[in-house]
1. Compute the label zone of residue 92 within the range 1-28: residues whose backbone N is under 19 Å from the point 7 Å along Cα-to-Cβ.
2. Listed highest first by mean packing, meaning other Cβ atoms within 10 Å per residue, what order do 19-26, 52-59 come in?
3. Test of understanding: ordering 75, 60 by Cβ neighbours within 10 Å, fewest first, what list do you get?
4. Starting with the fewest neighbours, write out 71, 16 ranked by other beta-carbon atoms found within 10 Å of each beta-carbon.
């Protein structure tokens, strides 16, 4: 499982959440299999969104979709303030400290883990 981590400032959570909810179908079509919305306890105007994908390619494609079709259009992305910081994350270990729950063969680190 790969995660697209997105961090950005917002001006109003309710407005942002309404826009996020309108893109539920786009997330499904883009391969999102789960998501989490978090915010720092000391900054209610900043969000961290984590979108889970089966492959890193899907995560990267969705990042490009957001940058080109959503964040570049103020009507599609109300309540955003500034630019988002994004990165695609790969699993390194399971919650119990063991190997990742999913170790896709196309992961660049898969070969290194297998060689250890």
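Taken together, the values in this text are just the output of simple stated rules run on the coordinates, not laboratory data. All figures in this text were calculated on a predicted structure; none of them were measured in a lab. With ideal geometry, Cβ positions are generated from the backbone for all residues, glycine too; neighbour counts draw on all protein chains shown.
1. In the range 1-28, the label zone of residue 92 (backbone N under 19 Å from the point 7 Å along Cα→Cβ) covers 1-7.
2. Values: 19-26: 13.1, 52-59: 18.0.
In descending order of packing, they fall as 52-59, 19-26.
3. Working: 75 7, 60 15.
If I rank by nearby Cβ atoms, fewest first, I get 75, 60.
4. Working: 71 17, 16 20.
Fewest to most other Cβ atoms nearby, the residues stand as 71, 16.
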